[in-house]
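The structure appears below as structure tokens.
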Amino acid sequence: MSDRYDCIVIGCGPAGLSAALNLNIRNKSFLILGTKQCSHRLAKAERIDNYLGLPEISGQGLMERYLQHVRSRGIELREERVTAVYPGDGEFAVITGKSQYSARSLIIATGVHIERVLPGENEYLGKGVSYCATCDGPLFREKAVALLDYTGGAAHDEVLFLAGVAKQVYYVLPQRASTAFVHDTSAAAVATVPSLPGNTTLMRGTSLSIKGTETVSSLIVDEQEIAVDGVFILRETQKAENLVPGLATDKKAVAVNGQMETNIAGVFAAGDCTGKPYQLAKATGQGAVAALSAVGYLDKRPK
Ligand SMILES: Cc1cc2nc3c(=O)[nH]c(=O)nc-3n(C[C@H](O)[C@H](O)[C@H](O)COP(=O)(O)OP(=O)(O)OC[C@H]3O[C@@H](n4cnc5c(N)ncnc54)[C@H](O)[C@@H]3O)c2cc1C
């Protein structure tokens, strides 16, 4: 399925929701794609004291207020994780685990990337390591692949897709030793993983690394070495530059100007993904600016 929009907002945290609200007010056609919890960071905030007008609110409470507000305007949030973006001529193809969409502009509001890069991940990126199962899965027809799911079991569509093309799939649910940024890989969350195809093996491990020579040859899960040709890594928040090829960064954040424009015409960014300070007021403010800039960009171009 392919649908075309004026804008696609990636991420439904405070920055993405603020962008969506402003696109809605400006009567633009848009889609907002995000994860189930919308902002796993905000959900962790016990009490927020610095958000003007809403003193002592909890992160969860504020998220509920945000969602009530956008839903009251008929904005629909689509629970789909974006795995790749392909910029074209004034047009962007946005790929999710479930579908493909096209848009004339993009707002990146994916939050801050806090995951540790795995040993071998950068070295074998494009040489067996990929972040997009539906894009690169067909390259591993009849081969063995691993899917590392850092989303707490939300990668079921990708598992099914890979199981349909690859000979053998190792579906790995990483377990965290640290509790600092734990995603829900608890027994309960794991139990919600629906039944897996016959060529798929469910694994768990705390220490993961990727090995190879020219290309990937194996994945180490704790003490066990598994022979694989490809490793797919799915994270709650991916580095924005890995999602959008050619996107410029500055000190590991998406480089933006005061209008929230990136180096790619038609691509805007807002919130924690643009760097410090990691604050709600900045995220919602930048989301609004990004939307207004996208509106200005769209209005100057023929449909
Ligand atoms: C414990 C804690 C306490 C905090 N307390 C405060 C406070 O008191 N005051 C304050 O101002 N700030 C506070 N913050 C910071 C605040 O939560 C963040 O600044 C804010 O959530 C940033 O909003 P964001 O929309 O940029 O990113 P996020 O809230 O991180 O939302 C981005 C969302 O995009 C989704 N996403 C990422 N990649 C994709 C993709 N490829 N496809 C689809 N969706 C994707 C992610 O799942 C994520 O949910 C706190 C943060 C934490 C962790």
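Summary table below
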| item | result |
| --- | --- |
| In region 17-60, the trypsin sites (Lys or Arg not before Pro) that fall in loop regions by DSSP, at most 16 other Cβ within 10 Å | 36, 47 |
| Region 234-303, relative contact order in percent, only Cα pairs under 8 angstrom and at least six apart counted | 23 |
| The chain shape via C-alpha gyration tensor axes, a/c threshold 1.5 | prolate |
| Amide N proximity, region 161-175 versus residue 199 label position 7 Å along Cα-to-Cβ, cut-off under 18 Å | 161-172 |
| Neighbour-count ranking [beta-carbon atoms within 10 angstrom, fewest first] of 46, 261 | 46, 261 |
| Two-decimal ratio, region 1-129, of alpha-carbon radius of gyration to 2.2 N^0.38 Å | 1.19 |
| Potential lengthening between residue 167 and residue 71 on full extension [0.36 nm per residue; Cα-Cα distance subtracted] | 30.3 nm |
| Relative contact order of the chain, defined on C-alpha pairs under 8 angstrom at six or more residues apart (%) | 22 |
| Ordering of 283-293, 242-252 by burial proxy (mean other Cβ atoms within 10 Å per residue, highest first) | 283-293, 242-252 |
| For the chain, Cys with no neighbouring Cys Cβ under 4.7 Å | 7, 273 |
| Long pairs among 28/251; 28/303; 98/276; 127/167; 44/252; 98/252, criterion Cα-Cα beyond 21 Å | 28/251; 98/276; 44/252; 98/252 |
| Least to most buried among 172, 117 (fewest other Cβ within 10 Å first) | 117, 172 |
| GNM result for the chain, Cα springs below 10 Å: residue of 91, 64, 76 fluctuating most strongly | 64 |
| Among 157, 222, 272: highest mean-square fluctuation, GNM of the chain, C-alpha pairs under 10 Å | 222 |
| Exposure proxy ranking, count of Cβ atoms within 10 Å, fewest first, for 17, 298, 148 | 298, 148, 17 |
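A short reminder: the numbers here are calculations on the coordinates, not readings from a lab. On a predicted model such as this, the values are computed, not experimentally measured, just so you know. Positions of Cβ are generated from backbone atoms using ideal geometry, with glycine treated the same way; all protein chains shown enter the neighbour counts.
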